[in-house]
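The values are calculated or read from the model by the stated rules, or taken from the named source; none is laboratory data. If you're wondering where the values come from, they're calculated on a predicted model, not measured in any experiment. For neighbour counting, all protein chains shown are included, and Cβ atoms are generated from backbone atoms with ideal geometry for every residue, glycine included.
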Amino acid sequence: MKKINLKNILKKTFKKKKTKKIIKKTKSSTFKKGVKKKEKKKNLKIKAKKIKIKKEQSANENKVIENTSNKQNNFKLVRGVEQKPEIKKIKSQASEKKEYKIKDYVVYPKHGVGQITELKKINIGEIDVETYILKFEKDKASGMIPVNKQSHLRPLATINQINKCISILKSKPKIKRSMWSRRAQEYEAKISSGKIYELAEVVRDLNKGDDLMVDQSYSERQLFEKAYERILTEFQIILNFSLEDTQKKLDRALKRNLETQSPKLTQKPEVATTEDLVETVK
């Protein structure tokens, strides 16, 4: 039988425990190293982001500084006193082609038909403005319109448009059932538009003809006369008729004043008989 050494047994047991402790230590150290590496990577990324943000902020600050410096350079310094930059004043109106000539008839929506009498340069607020000077014969007034706003003017209607207007005047009136105040606003808007077809519609709708039984208010009559006069002046200039002839043409289309226009029958003079003479003597 072999002798049992207690020393050897104890040594072996202690060696095993030490090896286990070493393995545990190595494992914990490797884990800690991995964690530290990850933390380092994160820290590096955060630092890189911070550096980028700082660079961007510094670039923006530089831009702001440059802009302010440029603005400050624009100011004129006279004897150490800051002055505002000089504003260039417009001395003349922007050039534009003149669509109309002198002695041309033109329709201005708010006033009706007018004639261009002359072209004038007027100084308004130290600016030279080219204007048309219009003369309205019926109102006995004159007005000025800049060449830049000549789009507001309208040339006279053509003969085809006049024929269409006459057909509108002959058609049946289209009267809405709404309140008169609203209808009056619509008629006023049509008249001030300056469009010849809309004028014809207003005249047609407000026309009462020779019907004396129909009552017409003052405002209705006023609107009718306004639209009627405007259409009449335009017709007269285009057709080159006298005022009476153009009025007759319009009235025929509207069926107005037919009694005055119808030719009167010529009555033969009555010859006095001998019986009548005897009665007068008695």
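Hey, does region 195-207 have a residue that's exposed (fewer than 13 other Cβ atoms within 10 Å of the Cβ) and not in a loop (DSSP other than H, G, I, E, B)?
no
Only one of K55, K110 is within 30 Å of L199 (Cβ to Cβ) and at pLDDT 75 or above. Can you tell me which?
After applying the criteria, what remains is K110.
How many residues does region 152-168 hold that are in a helix (DSSP H, G or I) and within 14 Å of S193 (Cα to Cα)? Walk me through how you get there before you give the answer.
Of all residues in region 152-168, those in a helix (DSSP H, G or I) come to 152, 159-168.
Narrowing further to those that are within 14 Å of S193 (Cα to Cα): 152.
Selection size over region 152-168: 1.
Just to check your reading of the model, which residue among K149, K174 is free of Cβ contacts under 8 Å to residues at least 40 places away in the same chain and assigned to a helix (DSSP H, G or I)? First the steps, then the outcome.
Working: K174 fails: assigned to a helix (DSSP H, G or I).
The match here is K149.
Based on this model, can you work out whether K120 counts as at pLDDT 80 or above, over 30 Å from Y228 (Cβ atoms), among the charged types (D, E, K, R) and not assigned by TED's automatic domain parsing to the domain that holds I196?
Yes: the conditions hold for K120.
Taking region 215-244 on its own, how many of its residues are surrounded by 12 or more Cβ atoms within 10 Å (Cβ to Cβ), free of Cβ contacts under 8 Å to residues at least 60 places away in the same chain and not polar (S, T, N, Q)?
Final tally of qualifying residues: 10.
What pairs come out if I take residues in region 96-111 that are under 17 Å from K140 (Cα atoms) and touching a residue at least 60 places away in the same chain (Cβ under 8 Å) and pair them with residues that are assigned to a loop (DSSP other than H, G, I, E, B) and of a type in the set (A, V, I, L, M, F, W, C) whose C-beta lies under 8 Å away, six or more apart or interchain?
Y105/L156; V107/L153; V107/L156; Y108/L153
Among the residues of region 146-183, how many are crowded, with 16+ Cβ neighbours inside 10 Å and either modelled with pLDDT of 95 or more or small (G, A, S) (or both)?
Residues in region 146-183 being crowded, with 16+ Cβ neighbours inside 10 Å and either modelled with pLDDT of 95 or more or small (G, A, S) (or both): 1 in total.
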